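Scroll down for the structure; my scribbles are underneath it.
Since every read-out is calculated from the coordinates, none of them should be taken as a lab result. Please read all numbers here as calculations on a predicted model, not as lab measurements. When we count neighbours, we look across all protein chains shown, and the Cβ atoms used for this are built from the backbone with ideal geometry, even at glycine.
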Amino acid sequence: GNTVQGVRISPAVVSVRVPVNQRIGFKDVSVKVETKGNVASGYWLSNIAVEPSTITVVGSPARLDEIGGFISTEPIDLSDVRNSFLRVVNLRFPEGVSPVNTQSAQVTIDVSAITGGQTVQRQVTVRGVDTALHLGVSPETVDIILAGPLPVLQALKVEDVQVIIDLAGRTPGKYKVTPTVVKPESLKVESVVPDTIEVVISK
C-alpha cells in the first residue's frame, strides 16, 4: 500500500510466536512372528498363523518411512517343541512408533511329526482254533509296510505290531485267510506281504 507519514509505532519491535505442530502419520504394517530354537527331532514347523496379521501404527512420517513394512513379535521359543500351541505375544515397537489399537498378537504354532515308512516282519499269531486240531500256517511270517509319524516308527517295539488270523468256528480244511494287523493308531498299513495266509486245519 501507500506510505503514511507522521505515524510512530510503539514498540518498534514486536515478537511474534507462531505455533508449529509436527505432522503425525499413520501406517499399516505386517506383523512378523519371530522364533528361536528348533522343534524336537522328528518334528517340523508346519505352519505359523498370526492374528491380527496387520496393524496400524502412528509416528512422524520420517520415522514411519524408516521402519519398513513390518513390526516383529517378541521371540517365541520353539526348543524341543513336539505339539502345536497358541500364544499371545507382545509386539516390539521401534522408538518413536506407537500402536493405534493393539500392543500384542495371537500366534498359532503348528508342529507336526515328520512322516516316514518302515517295513517290519512279524510272525503270524493264530486265535480261535481248537487246541485238539493240527494247524499248518504258510507262510508263518509276513512283511508289513507301515507309514506314519517318524518318532512313532522309530520307537516301535515288537509287541506294538501284531499279525493275527482268527480261525474261530473253522472246521478241518484248507483256507485262505486275510490277516488282521494290530498297530499303533497313528500308523497306517500300506501293505501286507503276502496279503493272505494259507491255513490247513486237520484232526
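Rounded to whole Å and ordered largest first, report the semi-axes of the equivalent ellipsoid of region 148-199 derived from its Cα gyration tensor (root of 5λ). All intermediate terms of the calculation are to be shown ahead of the outcome.
Values: eigenvalues 157, 24, 12 Å².
Each semi-axis is the square root of five times an eigenvalue, giving 28, 11, 8 Å.
The lysines whose alpha-carbon is closer than 30 Å to the alpha-carbon of K36, local same-chain residues fewer than 8 away aside, are K27.
A compact globular protein would have a Cα radius of gyration near 2.2 N^0.38 Å; the ratio found for region 25-113 is 1.22.
Taking the Cβ-Cβ separation of I145 and I48 as r and a Förster radius of 45 Å, what is the calculated FRET efficiency to the nearest 0.05? The partial results should precede the final answer.
Details: r = 33 Å, r/R0 = 0.74.
Calculated value: 0.85.
Taking the average, over residues, of other Cβ atoms within 10 Å as the packing measure, peptides 46-53, 64-71 rank 64-71, 46-53 from highest down. Taking Lys and Arg as +1 and Asp and Glu as -1, the other residues whose beta-carbon sits under 13 Å from that of E190 total 0. Quick one: check the C-alpha center-to-center distance for region 125-203 versus region 36-106, whole angstrom. Rounded to whole Å, the Cα centres lie 52 Å apart. Restricting the calculation to alpha carbons of region 85-195 gives Rg and Dmax of 25.8, 89 angstrom. Stokes-Einstein diffusion for the chain, with the hydrodynamic radius set to the Kirkwood value over Cα pairs and evaluated at 37 °C in a medium of 0.692 mPa s, equals 136 µm²/s. Count Lys and Arg as plus one, Asp and Glu as minus one, and take only other residues whose Cβ is under 10 Å from that of V129; the net charge is then 0.
Helix-only arithmetic for the chain: the sum of -39500 (n - 2.57) across DSSP H runs with n ≥ 4, divided by the residue total, places the mean residue ellipticity at 222 nm at -1000 deg cm²/dmol.
In percent, rounded to a whole number, the relative contact order of the chain is 18, using alpha-carbon pairs under 8 Å and six or more apart. Cross-link reach is defined here as a Cα-Cα straight distance under 30 Å, omitting same-chain residues fewer than 8 places apart; for K203 the lysines meeting it are K174, K176.
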